[in-house]
Amino acid sequence: MTAAVTIIQAVDWTRFDLEGWLYQFGAWMNTVSGTCGKSVNPIAVAMDQAVVKQKIKKLTEEQKKEIIAAHFLSETKPQLSHTKITCQIDDNEARAVQRLILDMQGQSEVLDEWLEAIIDRYFYGNSWAVMANEERTQMDARMDVKCGLAALHVRYGFIGLSQGT
């Protein structure tokens with residue numbers, strides 16, 4: 001009897017380094033936009049919803065309900081920055097990259113912050129300046145991304161790490 005192959009096992013991870021795969025997922029998300037820039041891809045929509053869930057973890061139940069209601073009533077969603085990266089991955093490879101992040105979320109608050117920085121930087125193509133806010137400076141954003149990349153590399157050592165990281 002043979003074991004089932006997971007989507008992560010089915011991908012040729014040698015095609016890109018870790019950052020390359022993350023950038024490719026961001027490019028893939030850009031390729032599936034519908035009218036008015038809204039994503040029509042269920043995976044991209046799920047990533048948007050995961051970002052919202054991350055932002056409401058530290059709030060009271062009343063605040064969470066208000067934010068969730070506002071999210072579903074709002075027309076604004078996390079904006080994808082259009083980059084010059086050409087998408088070179090298919091839907092299954094995109095699902096595998098998404099799985100890398102989703103499998104690690106929820107393990108710790110710190111790790112979730114690092115993964116949020118990874119999502120902001122690579123998936124949404126945000127600049128360091130855009131990633132900075134009241135709680136995080138640009139340098140904090142850079143460190144969160146580096147720590148997130150390190151955590152992903154430790155967990156998924158079979159994906160090559162770029163020389164600059």
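When peptides 141-148, 88-95 are ranked by their average number of other Cβ atoms within 10 Å per residue, the highest-first order is 141-148, 88-95.
Using the Cβ of V11 as centre and a radius below 13 Å, the other residues enclosed give a net charge of -1, where K and R count +1 and D and E count -1. Taken along the Cα-to-beta-carbon direction at a fixed 7 Å, the label points for K146 and N133 span 2.3 nm. Taking the Cβ of M104 as the centre, find all other residues whose Cβ is under 9 Å away and add up their charges (Lys, Arg: +1; Asp, Glu: -1). Charge balance near M104 sits at -1. Surface exposure of the range 96-165, expressed per residue as accessible area with a 1.4 Å probe, stands at 50 Å². Inter-label distance, Q105 to L161: 2.5 nm, where each label sits 7 Å from its Cα along the C-beta direction. Computed over the range 78-155, relative contact order equals 32 percent, with contacts defined as Cα pairs under 8 Å that lie 6+ residues apart.
The values are calculated or read from the model by the stated rules, or taken from the named source; none is laboratory data. In this text, all values refer to a predicted model and were calculated from it rather than measured experimentally. In this analysis, Cβ positions are derived from the backbone assuming ideal geometry, glycine residues included, and neighbour counts consider all displayed protein chains. Note: accessible area is taken over every heavy atom of the protein model, side chains too, but ligands, DNA and RNA are not part of it. Shrake-Rupley method; radii C 1.70, N 1.55, O 1.52, S 1.80 Å.
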